[in-house]
1. Among the residues of the stretch 3-19, how many are part of a helix (DSSP H, G or I), closer than 12 Å to residue 67 by Cβ and free of Cβ contacts under 8 Å to residues at least 24 places away in the same chain?
2. Which of (1) in contact with a helix residue (DSSP H, G or I) (Cβ under 9 Å, 6 or more places away or on another chain); (2) modelled with pLDDT under 95 does residue 11 not meet, given it meets every other one?
3. When you check residue 6 against the structure, is it surrounded by 14 or more Cβ atoms within 10 Å (Cβ to Cβ) and under 16 Å from residue 63 (Cβ atoms), yes or no?
4. Does the stretch 20-78 hold any residues that are surrounded by 11 or more Cβ atoms within 10 Å (Cβ to Cβ), in contact (Cβ under 8 Å) with a residue 60 or more places away in the chain and in contact with a helix residue (DSSP H, G or I) (Cβ under 9 Å, 6 or more places away or on another chain), and which are they?
């Protein structure tokens with residue numbers, strides 16, 4: 001599995017609805033509310049062999065209220 005962090009910018013007034021939709025899909029490991037440029041921070045584990053972009057597109061980007069995302073891949077822990 002590949003661990004990625006996805007920062008999510010929501011349309012104004014939709015952050016709680018977006019967070020609830022993510023929680024109901026049970027695709028995340030951790031989900032946080034943040035302040036600043038991004039509204040949510042989501043930690044995901046992408047199945048081995050899956051295309052990261054397609055996985056995020058298919059499982060996250062169709063949630064109403066998501067305006068933009070930024071994905072940060074992770075590598076071996078020290």
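1. Going through the stretch 3-19 one residue at a time, the tally reaches 0.
2. Failing condition for residue 11: (2).
3. Criteria met by residue 6.
4. 69, 71
The values are calculated or read from the model by the stated rules, or taken from the named source; none is laboratory data. Here the structure is a predicted model, which is why all the values come from computation and not from measurement. Neighbour counts are summed over all protein chains in view; Cβ atoms, including those assigned to glycine, are modelled from backbone coordinates with ideal geometry.
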